[in-house]
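Written below as structure tokens is the structure these notes are about.
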Amino acid sequence: MVVPHHPTGARLARHRLADELADAVAPVLLADLVAVLAELVGNAVRHADALPGGVVRVAWRLRRTPDGPFVQLRVTDGGAAVGPLVRSAGPDAVDGRGLHIVAGLASRWGVDRDGLGQSVWAEFEPAATPRTDLVAAG
């Protein structure tokens, strides 16, 4: 799908992903997918150029395996002078945590570049022991 290179693009992508995968993956995995996709689209909007037409391309792939679903998310933008980097963010920093979230939730992530721009992807491998709930500290 394509979304606008605008903050509303992340919302549109999150809703479409949640609608399409709600019956295909566990709710905990879906929450992780939605969070990571929001970060990737948000980063594309904040830090990269748009693709022609002022858009960002968003894609996902679901593959069933004997151990559970494998999901890959991919966000393609027009690229930036500096590629995505995990930054150090202090407790008072207002940003700089997005790729920490991606790295913490996804099995792995990376960046592919070509002459048209860049694609940032995140993969979610089936868990040997699926998480069934999250405990909130507070």
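The values are calculated or read from the model by the stated rules, or taken from the named source; none is laboratory data. Quick caveat: nothing in here was measured; it's all calculated off a predicted structure. Reconstructed Cβ throughout: ideal geometry from the backbone, glycine too, with neighbour counts over all protein chains shown. For accessibility, only protein heavy atoms count, side chains too; no ligands or nucleic acids. Shrake-Rupley method; radii C 1.70, N 1.55, O 1.52, S 1.80 Å.
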Query raised in the report: Which whole-Hz ³J(HN,Hα) couplings does region 39-51 yield from phi under the Karplus relation 6.51 cos²θ - 1.76 cosθ + 1.60, θ = phi - 60°, glycine and proline marked x?
Result: 5, 5, 5, x, 5, 4, 5, 6, 10, 10, 6, 6, 6
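Reported to two decimal places, what Rg/Rh ratio describes region 1-90 when computed on Cα atoms with Rh from the Kirkwood expression?
Using Cα coordinates only, the ratio equals 1.01.
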Query raised in the report: Put a dot 7 Å past each Cα toward the Cβ at D49 and E20; how far apart are the dots in nm?
Result: 2.7 nm
**Report entry** Accessible area per residue in Å² at 1.4 Å probe, computed on region 1-74
**Finding:** 52 Å²
Report summary line: The set of residues whose placed amide H lies less than 5 Å from the amide H of S107, leaving out same-chain residues fewer than 5 positions away, is E123, F124, E125
Report summary line: Applied in sequence order to region 118-127, the curve 6.51 cos²θ - 1.76 cosθ + 1.60 (Karplus, θ = phi - 60°) yields integer Hz couplings, x standing for Gly and Pro, of 9, 10, 9, 10, 9, 10, 10, 7, x, 7
